[in-house]
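Values quoted throughout were computed directly from the atomic coordinates according to the rules given, and no laboratory measurement underlies them. Note that this is a predicted model, so its numbers are computed, not measured. Here the Cβ positions follow ideal geometry from the backbone for every residue, glycine too, while neighbour counts run over all protein chains shown.
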Amino acid sequence: MQLSGITRKARRMDDRKKALHEAMAAVGLGAVPQSLINGALCDGAGAEITLTDPFTEEVLCTYPDADVDLALHACATAQTAQQGWAKGMSAAARGQIMQDISRAVLAHIAPLSTIEAIIAGKPIRDCRVEVAKVAEMFAYYAGWADKLHGEVIPVPSGHLNYTIREPLGVVFQITPWNAPIFTGGWQIAPAIATGNGVVIKPSELTPVTTVALVKLAEDAGLPRGLVNVLCGLGPTCGEAAIKHAAVRKVVFVGSPETGRRVATTASAALKPSVLELGGKSANIVFDDANIEHACLGAQAAIFSGAGQSCVAGSRLLVHKSIHAPLIEMLERGMNSIKLGDPLDEATEIGPISNARQYAHVTGMIAAARDAGADVLSRSDHQEQGYFVAPTVLNGLSNTAKTAQEEIFGPVVTAIPFEDEEEAIALANDTAFGLAGAVWTADVGRAHRMADAVRAGTFWINSYKAIHVSSPFGGSLNSGFGRSSGTDALMEYTSAKSVWLDSAPKPRIAFGYVS
Ligand code: NAD
């Protein structure tokens with residue numbers, strides 16, 4: 001029997017919805033996003049939010065914004081649960097539960113990856129890697145739970161002075177759509193390892209895997225209510241949670257524009273924040289580099305994840321003597337990258353994750369063309385979906401809009417440089433400070449570049465290597481504060497200084513402490 005194009009499309013859409021619902025059921029969720037508060041899935045009462053499949057452009061479902069009331073309920077719940085978690089249980093027991101969560105995540109890689117691939121449009125093989133990394137994050141911080149202790153400080157007065165690292169209380173975390181479960185696990189794991197309660201608000205466009213993660217964690221033994229998930233909008237439930245009295249710190253992962261607003265709201269209530277924001281990272285290739293390796297690195301730096309990565313190597317700075325051959329090699333490479341259905345095992349690049357971002361990326365390419373760029377792109381065309389083919393913008397200077405503003409798509413601006421000094425000047429000539437890389441055979445030059453380029457993470461003959469044990473963060477428009485490693489343990493705790501006077505007579509006098 002022959003099927004018409006429309007029937008085929010409808011059937012494919014039905015199959016995708018079925019796959020999504022089965023995956024959601026496999027992690028204990030219903031077919032529509034719901035907030036998770038005190039262990040219960042609950043519906044908000046706010047405006048309707050629509051989830052669209054970025055591969056088919058069809059609506060997957062709608063759900064109501066969590067809105068203000070659920071945000072207040074979530075914060076109060078986390079406050080109560082945090083007391084039991086921090087005081088009613090040994091640190092070793094907390095670590096054991098986190099190990100169990102890690103195992104539960106590993107056991108559910110398949111449904112978690114399927115949900116992420118369909119809703120976020122991320123290739124299924126990338127999703128599997130990210131889910132496995134989330135399991136690793138819980139295992140890593142599980143190990144820290146009973147190893148975080150203070151110091152004894154040899155103060156000159158002879159007092160016994162020691163410090164205790166205390167949890168903050170409740171932290172509110174806000175995450176973006178480009179790496180939903182990854183950024184969720186990244187922030188939840190260190191927060192609970194250090195004894196905090198959590199309210200987390202994933203992007204309203206990709207909320208499901210964060211709810212699934214917390215649901216699996218609760219099934220694995222996490223006390224209900226310790227981590228609560230709000231499915232909803234920033235200006236409603238997000239701002240209500242920032243302002244809630246129980247929230248002691250806000251950790252935000254997202255764009256500089258929203259980050260500024262979040263930090264402003266938090267600071268008005270004298271609450272500290274960590275901001276993990278965007279970037280415009282320079283990937284610098286010298287003429288002594290292994291050009292094939294550098295080319296592969298440049299492709300991975302900007303095209304993987306369809307460029308929707310905060311650390312994307314979106315500016316390719318190339319020594320002028322190898323600029324033309326490297327761009328030719330890059331063009332050949334990008335023609336062999338497989339674009340397609342995120343659920344297809346062979347797909348290397350999926351669609352842009354949502355319609356708003358698709359409009360932004362295509363608008364930036366159009367602006368580059370208007371500014372006189374030589375736009376090198378693939379001519380193949382996908383029938384449907386928010387696809388943007390890998391694109392190189394050549395012939396623009398570092399002052400061009402596409403070299404200064406985050407595109408967050410598979411689009412790289414290539415710029416030639418003369419010498420080391422110019423490469424450093426160009427690399428640092430943006431408002432960001434997130435990441436960067438150099439490709440060179442000269443060890444001394446590699447270290448000089450690592451020293452001179454403004455970046456929280458810098459790679460030498462590599463790109464995008466990150467690990468939960470190594471600090472991550474940026475400066476300027478890329479934010480402030482650090483995540484991962486022991487730095488995150490510091491962000492999620494504060495030091496209490498305790499003084500004990502062992503002298504036979506109290507040594508208290510006026511003017512002793514100002
Ligand atoms: P976004 O700033 O639009 O949204 C991020 C989150 O903020 C979402 O959950 C959104 O609902 C919430 N939000 C929006 N308005 C809010 C408000 N008034 N109060 C509270 N919360 C609010 O970012 P996005 O488009 O989802 O993500 C892309 C951006 O994230 C890019 O700039 C990217 O570089 C950045 N990012 C950074 C990192 C990092 O670690 N540095 C990692 C991933 C993504």
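Put simply, region 143-293 fits an ellipsoid with semi-axes of 29, 26, 19 Å; these come from the alpha carbon gyration tensor as the roots of five times its eigenvalues, largest first. Beyond 16 Å, the tail of the calculated P(r) for region 169-255 holds 46 percent of the Cα pairs. Annotation: amide H of GLY39 within the under-5 Å range of GLY225, sequence separation 5 or more or interchain, hydrogens built in the peptide plane. Using equal-weight Cα scatterers in the Debye expression, the normalised intensity of region 86-129 in log10 at q = 0.18, 0.26, 0.27, 0.34 Å⁻¹ is -0.60, -0.81, -0.85, -1.07. Pairwise Cα distances in region 397-513 exceed 19 Å in 62 percent of cases.
Only DSSP H runs of four or more residues enter the estimate; each adds -39500 (n - 2.57), and after division by the residues of the chain the mean residue ellipticity at 222 nm equals -13000 deg cm²/dmol.
The Cα center of region 434-469 and the Cα center of region 242-267 differ in position by 30 Å. Taking a ≥ b ≥ c as the square roots of the eigenvalues of the Cα gyration tensor, the chain is oblate, since a/c reaches 1.5 or more and a/b is not larger than b/c. Fewest neighbouring Cβ atoms within 10 Å first, the residues TYR140, TYR463, TYR162 line up as TYR162, TYR140, TYR463. Here region 301-341 and region 87-151 have alpha carbon centers that stand 31 Å from each other. The spread of Cα positions in region 110-149, taken along each principal axis and listed from longest to shortest, comes to 42, 14, 13 Å. Membrane-span-like helices in the chain, defined purely by DSSP H runs whose alpha carbon atoms cover 15 Å or more axially and whose average Kyte-Doolittle hydropathy reaches -1.0, are 67-87, 91-107, 109-120, 124-144, 180-193, 208-219, 256-268, 291-303, 323-335, 355-370.
For region 121-180, the spread of Cα coordinates along the three principal axes comes to 61, 23, 16 Å, biggest extent given first.
For region 44-90, the extents of the C-alpha atoms along the principal axes are 49, 24, 9 Å, listed from largest to smallest.
Compactness ratio for region 286-380: Cα radius of gyration over 2.2 N^0.38 Å (N = residue count) comes to 1.15.
Could you state, as a whole-number percent, how many of the C-alpha pairs of region 208-289 are farther apart than 17 Å? Result for the distance tail: 61 percent. Separation of the alpha carbons by more than 29 angstrom is noted, of LYS122/LYS280; LYS243/LYS401; LYS201/LYS464, for LYS243/LYS401.
In terms of Cα atoms, the Rg and Dmax of region 219-369 work out to 20.7, 61 Å. In this structure the amide hydrogen of ASN228, modeled in the peptide plane, comes within under 5 Å of the amide hydrogens of VAL198, VAL199, ILE200, none closer than 5 places in sequence on its chain. Based on C-alpha pairs under 8 angstrom that are at least 6 apart in sequence, the chain has a relative contact order of 17 percent.
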